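The next block holds one structure in the form of structure tokens; read it before the comments.
Read the figures in this text as sums done on the coordinates, not as results from a lab. The model shown is predicted, which means the values in this text are computed figures rather than measured ones. Cβ atoms come from the backbone with ideal geometry, glycine included; neighbour counts cover every protein chain shown.
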Amino acid sequence: MTRTTEAASSRLGDVETELRTLFLRGLDGEHAAYKAFLQKLSAHLRAFLRRRLFGWPDEVEDLVQECLLAMHNKRHTYQSDQPLTAWVHAIARYKLIDLLRSKSAREALHDPLDDELAVFAESSTDASDASRDLTGLLATLPDRQRLPIEQVKLKDLTVTEAAALLGMSESAVKVGIHRGLKALGKRVGNPS
């Protein structure tokens, strides 16, 4: 083993020992130990989940809370002859999988953004009329839909860049574009 591996293994052993001791004392009715266990476990879980959810930092804290609640509710299932961190990580992985499945299901409900609307003129003589018409159509949308469309579709910013510029989440930018394009499509297809 290298020194780095040995040091990491030693730290993990220290964490295991500390968490396990506090948890078992908490199970025996020592409230202060259980509170200390939950605080230390929260920090441990936060680091564990951040490494796996680096693209969704907003989800980490919610997932930590879900894991803590699940562990509290399932504390009677812990077998004291087994490593506590293995039990903790198994529960955290199940919660993480549930989160990823729900995100995947929600994303599948969204239509592709680029296929929503063909508003742009194809000939140069129609370009100024189309630009004026598009500006008028966009003005009918609320800012949460209009601004993302302008930034991503007209100014060619990425969703990430637009989100940073507008102070919105990437999901909010995508939803704004999707809903805005859908609303514009209805207005163009149905002039009344």
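Numerical summary
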{"item": "Residue within the stretch 78-85 that is at negative phi, surrounded by 12 or more Cβ atoms within 10 Å (Cβ to Cβ) and charged (D, E, K, R) present", "result": "no"}
{"item": "Hits in the stretch 34-82 - residues which are acidic (D, E) and either closer than 14 Å to L22 by Cα or part of a helix (DSSP H, G or I) (or both)", "result": "D58, E59, E61, D62, E66"}
{"item": "The stretch 131-174 - residue that is in a loop (DSSP other than H, G, I, E, B) and of a type outside the set (A, V, I, L, M) and, of those, surrounded by the fewest Cβ atoms within 10 Å (Cβ to Cβ)", "result": "G167"}
{"item": "Residue under evaluation K155, criteria (1) over 22 Å from G55 (Cα atoms); (2) touching a Lys or Arg at 6+ places or on another chain (Cβ under 9 Å), criterion not met", "result": "(2)"}
